[in-house]
Amino acid sequence: MNRMASKTLWAALVFAALPAGPVAAQIRDGSYSGTLQCGDMVSNPSQKGWTHPVRLTVSGRSVAWERLDDRLTERGSAQLQKGRVTFKLDGQWNPGQRSTGQWRNEARLELKGSTLSGPATIYAAGSDQRLRDCSVQVAVTTASPSGTPPGGSAETKRSPNAVPAAGPAQSAHAAPDAHSSDGDAIRREHQRRHEERLAQTREEQKRRGERTWEEEQADYQRQLQERRKASEDADRKRNQDFEREQERAAQERAASAAKQTALGTAAAGRQAARIKAMGLSATLSKSVLYVNYMGRWTEFMPATHWVALMLENPLIASVEAANVRGYPGILVKRSGVPSTTFLFRTEGSEAYIHALASEGKAEALRTPTDFSTVAALMRALTDQKNMR
């Protein structure tokens, strides 16, 4: 094989061994320090922004996140894929701190050169309420992907100038190794300076006694307390309005009852002779009537007042004493309407509405609706609108 043929064969072998295209760089395993820098609180810009140190630990494609602050805990891990990694982290204040509470932190980072950076957002725990918009920046050391020479890309190796003769092949690789070593030294220096800046930032925060995170959580707790207090105040106001309405209704009922009592007393005096002539049962004539409104017994008025008011109602044709199956009662005949007998169950000086009788048939009241309907009817028979 002549010299030209040997060179052609060697070039073909080199090209065959090289990858078809560029491959994304990988982050070397290890721990890297960086910063989480957040802006002012979204809901309260007076709560200014802050910068916290973070640490990323890389093992293969796994990347672990940790916020470096003894007062709180915020950790998590995610997978690095195609130079990108997305963290969904839960954070909380550690026991013994003045501040309490939890939050969410979502960070989306991308590898650009020797820096892993991207946006992050802090949310209130259990909701989509955005607290702060942030950014993350972490300097890392990258390793050349498998198949790509440390000192350059595959395209560089395809250059005719990079193809050696058959003899001095090793010398062709010496220069790229030297370039790789220089790159590592630059990255290490960059990492050192970055860590110095982080240390300065921590010292500055310590000197200033920055408590923005605690202030943020305290503000969030204040907002919760304000909402809770507003809700309690609204409930208290509703209760007070309801009580005032109940009191007003009670006063109106008392005034109406007093007026009804006055009217009944006057009518009973005027109709005393007619009531006596009716032959009303002695027990019933001395009783106070009780009606039932939706399951609750309520004093209505004395029996003689009710009879007297109906006697003076021009829409009532007649009022008579009655007794059905041992129950004393009062028969009321309205003009154009069949007569109805109201029967009562007596206990001492109290008489409770018990049943209605019409056309010789008695029907006991059973349901709250039955009792309420009859109570309304008894009151309607004495309504001033139906009286002279």
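The values are calculated or read from the model by the stated rules, or taken from the named source; none is laboratory data. Here the structure is a predicted model, which is why all the values come from computation and not from measurement. Don't worry about glycine lacking a Cβ; one is built from the backbone with ideal geometry, like all the others, and counts go over all protein chains shown. Protein only, heavy atoms only, side chains kept; ligands, DNA and RNA dropped before computing areas. Shrake-Rupley method; radii C 1.70, N 1.55, O 1.52, S 1.80 Å.
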Response to the item:
The correct ranking of Lys237, Lys88, Lys333 by accessible area at 1.4 Å, largest first, is Lys88, Lys237, Lys333
Practice prompt. Compute the length gained on full extension between His190 and Arg248: take 0.36 nm times their separation in residues and subtract their Cα-Cα distance, giving the result in nm to one decimal.
Written response: 12.9 nm
Fill in: Accessible area in the full protein assembly, largest first, 1.4 Å probe, for Ile186, Ile275
Ile186, Ile275
Response to the item:
Too long for a 28 Å Cα-Cα cut-off, among Lys276/Lys333; Lys48/Lys237; Lys259/Lys333; Lys48/Lys88, are Lys48/Lys237
Worksheet item: Using modelled amide H (1.01 Å from N, peptide plane; none on Pro or chain starts), what sits under 5 Å from the amide H of Met301, excluding residues fewer than 5 places away?
Response: Leu289
Response to the item:
Of all GluC sites (Glu not before Pro) in the stretch 270-366, the ones in DSSP coil with at most 13 other Cβ atoms within 10 Å are Glu359
Worksheet item: What does the accessible area of Ser77 come to, in Å² to the nearest 10, when a probe of 1.4 Å is used?
Response: 80 Å²
Fill in: Backbone HN-Hα couplings from phi across the stretch 334-351 [Karplus 6.51/-1.76/1.60, Hz, Gly and Pro as x]
9, 4, x, 10, x, 5, 10, 10, 8, 9, 10, 9, 9, 9, x, 9, 10, 10
